[in-house]
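Undergrad: I have a structure here, written as structure tokens, and I will follow up with some questions on it.
The values are calculated or read from the model by the stated rules, or taken from the named source; none is laboratory data. What you are looking at is a predicted structure, and each value in this text was computed from that prediction instead of being measured. Here the Cβ positions follow ideal geometry from the backbone for every residue, glycine too, while neighbour counts run over all protein chains shown.
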Amino acid sequence: MLYGADTSTNIVDVKGLSPSMIKPKVYKFINALTNISQDYYPESLGQIFVVRAPTIFAVVWRVIKPWLNERTQTKIDIHRDLGSDSVLAKVPRANLPAFIGGGCVCGGGGERGGCEKESWLERMYLDVCDLGWNEMARKWKNSLINGQISDPDPQLRELLRTPAFQVQ
């Protein structure tokens, strides 16, 4: 979220999500993140668009949905396709990533788009994909301990203290 913004609108592309990615530690991570978001940033979420949701996402959603309060649940819009019409009703085309029909290819360009600098959460997600859960958790905890993360977000500090990040 940009400094000074009241709410954020997020587009989460879950294309390629497979059952092998759904592990207990992933659920712990999502649970910790949703609890921190609802407890410390209750009104900062404007809307989440989950796009390219494969069938397995329905199973994931059934587990995650009860963790969210009803108000938060109403802010999540799930689509099997790109959901372009719904997203365009909320976000100007110029600010949307190119893969969803927008004109934005900044912030790394390519399919991922991203008109803002990548957040720590996006970098963490990419590390999970590249390294696996345990290696990602070690990398992030060590980076915080060794001072490699300058001025960390309080939400990130809190997340790294949760049981999901207790790796051996």
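Undergrad: Might you check whether a residue that is loosely packed, with under 13 Cβ neighbours inside 10 Å and either modelled with pLDDT of 75 or more or under 26 Å from Val60 (Cα atoms) (or both) occurs anywhere in the stretch 97-108?
TA: Looking through the stretch 97-108, none of the residues is loosely packed, with under 13 Cβ neighbours inside 10 Å and either modelled with pLDDT of 75 or more or under 26 Å from Val60 (Cα atoms) (or both).
Undergrad: Hey, could you check the stretch 12-55 for residues that are over 21 Å from Arg80 (Cα atoms) and more than 15 Å from the chain's Cα centre (by Cα) and say which is surrounded by the most Cβ atoms within 10 Å (Cβ to Cβ)?
TA: Restricting to residues being over 21 Å from Arg80 (Cα atoms) and more than 15 Å from the chain's Cα centre (by Cα), the top hit is Lys25.
Undergrad: What single numbered condition from (1) of a type outside the set (A, V, I, L, M, F, W, C); (2) modelled with pLDDT of 75 or more; (3) out of contact with any Lys or Arg (no Cβ under 8 Å at 6 or more places or on another chain) fails to hold for Pro54?
TA: (3)
Undergrad: Then there's this: Among the residues that make up the stretch 83-90, is at least one of them under 23 Å from Pro163 (Cβ atoms) and either crowded, with 16+ Cβ neighbours inside 10 Å or touching a strand residue (DSSP E or B) at 6+ places or on another chain (Cβ under 7 Å) (or both)?
TA: For the stretch 83-90, residues under 23 Å from Pro163 (Cβ atoms) and either crowded, with 16+ Cβ neighbours inside 10 Å or touching a strand residue (DSSP E or B) at 6+ places or on another chain (Cβ under 7 Å) (or both): absent.
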